[in-house]
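All remarks here apply to the structure that follows.
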Amino acid sequence: MIQPESNVPEQVSEQLETWLQHNVEGYRGRGTLQKFPFGQSNPTFRLSTQSAEYVLRRKPLGALLPKAHAIEREYRVLRALEGSAVPVPRVYALCSDTTLLGAAFYVKDFVKGRIFYDQRLPGLSPVERKNIFDGMNAAVAVLHLIDPLAIGLSGYGHNEQFLSRQVALWTNQYRASADGLIPEMEALIDWLPRHLPPERPVRIFHGDLRLDNMVFHPTEPRVTALLDWELSTLGDPIADFAYHALAWRVPFDLFRGFVGLDLEALGIPSESTYVARYCAGVRV
């Protein structure tokens, strides 16, 4: 069994190999698994064979918080979005048999391309940075145009009171994992329910729309795959976009923000320009 801390390629077990051959269309082994070196809340592995490469995404081992690490939901939304305008990798199969890898997992295509972990995009020209941000903006807008009911996502989330339910969920999860009281968090927990904005009709809510959760074409400034859907649900698309645009409100050393950077010199659009482009894309 591959352990979550390992990034050394290990041969797929005979039991897993049998499952892959029966459930992943076109699979020809024998495969190896290698954990990607960057951290994810759901351990993610490159599954390599002589003929193709895939991605295997697995829940962590051990006890988990309720509703956390929901790879079953990731699998469902990715399956529903196949064939839509939203760029997602093809998914093949979901396995709930925990005897194979110690936890549930699913298998999807490995999408080759570029992932940018530094939002300042070092090494790119100002024009290239602008184009990357335009491509990212377009991918987010396309996602929020999709009618979830039209692609079979009825019941994927509730259709009302998303913001109040989200605040309650994160409050409960924070308290379940916190070690002692943090006054600032308690003040926020008190303030948020009393200052919720009016809600919009629900759309697919990704929940973690960051630059490094997107794969870009190897040479073109367009997104070829949106990744990391474990927080996805149906919800207010403006809230999803607001989290995505948080970078313009925080400094770089805090969640890789933009405050204090010369955005014009870098070619990165201003917050107002980026928001306006999104609003035009979703026809607000």
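Brief remarks on what is shown
- Alpha-carbon Rg/Rh ratio, for the chain, with Rh computed the Kirkwood way: 0.97
- Partners of Lys112 within straight-line reach, counting aspartates and glutamates whose Cα lies under 16 Å from its Cα and excluding those fewer than 8 residues away in the same chain: Glu53, Asp212, Glu220, Asp228.
- Electrostatic tally near Ala242: other residues with Cβ closer than 10 Å to its Cβ, Lys and Arg +1, Asp and Glu -1, net -1.
- Residues Glu82, Glu74, Glu10, arranged from fewest to most other Cβ atoms within 10 angstrom of their Cβ, appear as Glu82, Glu10, Glu74.
- In the chain, helices alone account for a calculated mean residue ellipticity at 222 nm of -10000 deg cm²/dmol, with every DSSP H run of four or more residues adding -39,500 (n - 2.57).
- Separation between Cα centres of the stretch 64-133 and the stretch 244-278, rounded to whole Å: 24 Å
- Cα gyration tensor shape of the stretch 82-169, rounded if a/c is under 1.5, else prolate or oblate by comparing a/b with b/c: oblate
- Beta bridge orientation in the chain: antiparallel %, DSSP, nearest 5: 95 percent
No value in this document is a laboratory result; all are computed from the given coordinates. Note that the structure is a prediction, hence the values are computed from the model and not measured. Neighbour counts are summed over all protein chains in view; Cβ atoms, including those assigned to glycine, are modelled from backbone coordinates with ideal geometry.
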